[in-house]
Amino acid sequence: MINDNNDTVQVDQAIAKSSVYNAAIINFPRIVDERGNLTFIESNRHLPFDIARAYWIYDVPGGESRGSHAYRQLQEVIIAISGSFEVLLDDGMAQKVVLLNRAYYGVYVPNMIWRRMQNFSTNAVALVLASLPYSVDDYIRDYNEFLRVNGKR
Ligand code: TYD
């Protein structure tokens, strides 16, 4: 299971439950070096899924937010590779806001969690590692539909 203090994440698809309490900070390995630090990620070792896709969000104007939606199946890890931003997580019952501001940790987001990235700092870069290729059909963009599909309404 994901452990905030452990670099190793064992694979356990059972954690992909649609509760914000299953969203967790993952600390990645850090190779601290006076020449500059280094962090790395391997599929299924430091993440609880195989990485099918990576994308990044950058040049976000002040006050903008991204990604107000949920995924039916997709799991992801979101990392602030540069700068900082918040990830708002909502399972239809509970919400939590995670601040990402270091390149050596990220937040694991299970499927069927409504999530929004907000309050981007200048020069923030959000790296998203996703368990599935892009599929428009996997998105739920309507919050009321999310509540219905999630059984919360
Ligand atoms: P989207 O995930 O909808 O971002 P947001 O929820 O912040 O608006 O992505 C924006 C657009 O980019 C969308 O029209 C589809 C395209 N896109 C891809 O083609 N491939 C991808 O992997 C992603 C993430 C987005």
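Miscellaneous remarks
- Looking only at the stretch 58-78, and only at residues there that are more than 14 Å from the ligand (Cβ to nearest atom) and touching a residue at least 60 places away in the same chain (Cβ under 8 Å), the one that is most open to solvent (accessible area, probe 1.4 Å): Gln73
- Qualifying residue in the stretch 138-151 (condition: at pLDDT below 95 and assigned to a loop (DSSP other than H, G, I, E, B)): yes
- Contact annotation: residue pairs with Cβ atoms under 7 Å, 6 or more positions apart or on different chains, pairing a residue in the stretch 79-96 that is farther than 10 Å from Asn119 by Cα with a partner that is of a type in the set (Ser, Thr, Tyr), are Gly83/Ser121; Gly83/Thr122; Asp91/Ser18; Asp91/Ser19.
- For the stretch 65-111, filtering for residues that are within 12 Å of the chain's Cα centre (by Cα) and either in a loop (DSSP other than H, G, I, E, B) or within 19 Å of Ser131 (Cα to Cα) (or both) leaves 19.
- Set Arg35, Arg53: member being modelled with pLDDT of 95 or more and touching a strand residue (DSSP E or B) at 6+ places or on another chain (Cβ under 9 Å): Arg53
- Qualifying residue in the stretch 95-105 (condition: within 16 Å of the ligand (Cβ to nearest atom), touching a Phe, Trp or Tyr at 6+ places or on another chain (Cβ under 8 Å) and open to solvent by 20 Å² or more (accessible area, probe 1.4 Å)): no
The values are calculated or read from the model by the stated rules, or taken from the named source; none is laboratory data. On a predicted model such as this, the values are computed, not experimentally measured, just so you know. Quick reminder, even Gly has a Cβ in these numbers, built from the backbone with ideal geometry, and neighbours come from all protein chains shown. Protein only, heavy atoms only, side chains kept; ligands, DNA and RNA dropped before computing areas. Shrake-Rupley method; radii C 1.70, N 1.55, O 1.52, S 1.80 Å.
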